[in-house]
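Single-structure report; data block below.
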Amino acid sequence: MKHKLISLIVLLVSGLAFWNSAQRSVSADGAGFTIQAKQPDNQRDKKATYFDLDVKSGSKQDLKVVVHNLTNKTKTFKISPNDAFTNDNGVIEYSKRNLSKDKSAQYTFSELVSGVQTVNLSAKEKKTLTFKLSVPEKGFRGNILGGFYVTPLDKVEPNSKKGMVLQNKFAMLLGVSLHGKGTATPKLELGDVKPKVVNTQPVILANLKNVEPVAFGNLNVDAKVTKVNSDKVLYKNSKQKMQMAPNTNFNFQVPLDNEGFKAGEYTLHLTAKRKDKVWKFTKNFTIASNDTKLNNGLSNWKKPNYTWLYITIAVVVAIVGAGLAFFLGRRKR
């Protein structure tokens, strides 16, 4: 049987408080193309490779992106204006299109810029694509984060050989940071806490929300799970140096070490720290009897074997029954 494994390699071209570079055209060995921002007059950081723009309420402008095909073949590229989001590992990403808008967000990048474009480039050809940016009349507060996510739309070559075919697919991101009115400081809130199976492993998900229009890093989280009204820690997890995009949320995971879900009332104790700012959350949650059905999807969970318990109960019942019969028989005599 022939298998195909596609490896998506994403090259982040951004600073956005987390990455910095002095290059203006970005490429990588094996990618076969470069992307470049034509910086407008309202560029805040002239040395940045990404768009770092101070924008005014009601303003409109063109964002010009240069795509250069470095190969000797004709290539088609898809350029997608994507919103920044925070993945469940606590890392800012831009790889997804049509994300659900967080309730705390005024606007998202994809709402303010024109849509997806595709471009055909012959060997060694370079083209400039124009995207329209429209800032709302009322403007916005803080920072909006997004980027132009570029992927080649290559046709897969047929391979008659048996075995596994490894194909690397490169994607690049040209970041966009829009600065509106005023500033914002990070503010975290705790959302839903619930059991779930993730990659065949049992975890408790604690939804952390950044409800302010500001990106930040160096977030450290420590979480513990106890029974309600108990100090005994049943499960715990901690992670350091995470990031959060503006007005986004992610699910922090507390693994259950393959013990499986056990019905009951529990309490999550979570502490998040960034520099001198500390957020402490305590929230009760329930693992219902119906939730234990999730155990069937676990990779290493073994259904409890109650055979010896049943045998013990049967023996006890038999002994009690025999004793009772003997006692009643003696009374009749």
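Looking across the range 187-237, the residues that are aliphatic (A, V, I, L, M) and without any contact (Cβ under 8 Å) to a residue 40 or more places away in the chain come down to Val233, Leu234. Of all residues in the range 63-83, at least one satisfies being closer than 30 Å to Gln253 by Cβ, modelled with pLDDT of 95 or more and small (Gly, Ala, Ser). Taken over the range 67-82, the criterion of being in contact with a Lys or Arg (Cβ under 8 Å, 6 or more places away or on another chain), closer than 15 Å to Ala31 by Cβ and in a strand (DSSP E or B) is satisfied by Val67, His68, Asn69.
Considering only the range 103-157, state which residues are among the polar types (S, T, N, Q), loosely packed, with under 14 Cβ neighbours inside 10 Å and either part of a loop (DSSP other than H, G, I, E, B) or without any contact (Cβ under 8 Å) to a residue 12 or more places away in the chain (or both). Residue satisfying the conditions is Ser122 alone. Evaluated against (1) surrounded by 15 or more Cβ atoms within 10 Å (Cβ to Cβ); (2) in contact (Cβ under 8 Å) with a residue 40 or more places away in the chain; (3) hydroxyl-bearing (Ser, Thr, Tyr); (4) not in a strand (DSSP E or B), Ser57 falls short on exactly one condition, (1). Could we say that Gly264 is closer than 21 Å to Glu93 by Cβ and not charged (D, E, K, R) here? Spelling it out, it is not the case that Gly264 is closer than 21 Å to Glu93 by Cβ and not charged (D, E, K, R).
Taken over the range 79-102, the criterion of being over 13 Å from the mean Cα position of the chain (by Cα) and either under 21 Å from Glu137 (Cα atoms) or surrounded by 15 or more Cβ atoms within 10 Å (Cβ to Cβ) (or both) is satisfied by Ile79, Ser80, Pro81, Asn82, Lys101, Asp102.
I'm checking my understanding of the structure. Among residues of the range 192-222 that are among the small types (Gly, Ala, Ser) and either surrounded by 19 or more Cβ atoms within 10 Å (Cβ to Cβ) or assigned by TED's automatic domain parsing to the domain that holds Gly142 (or both), which one is nearest to Lys101 (Cα to Cα)? Applying the filter and picking the extreme gives Ala215.
The values are calculated or read from the model by the stated rules, or taken from the named source; none is laboratory data. On a predicted model such as this, the values are computed, not experimentally measured, just so you know. Cβ atoms come from the backbone with ideal geometry, glycine included; neighbour counts cover every protein chain shown.
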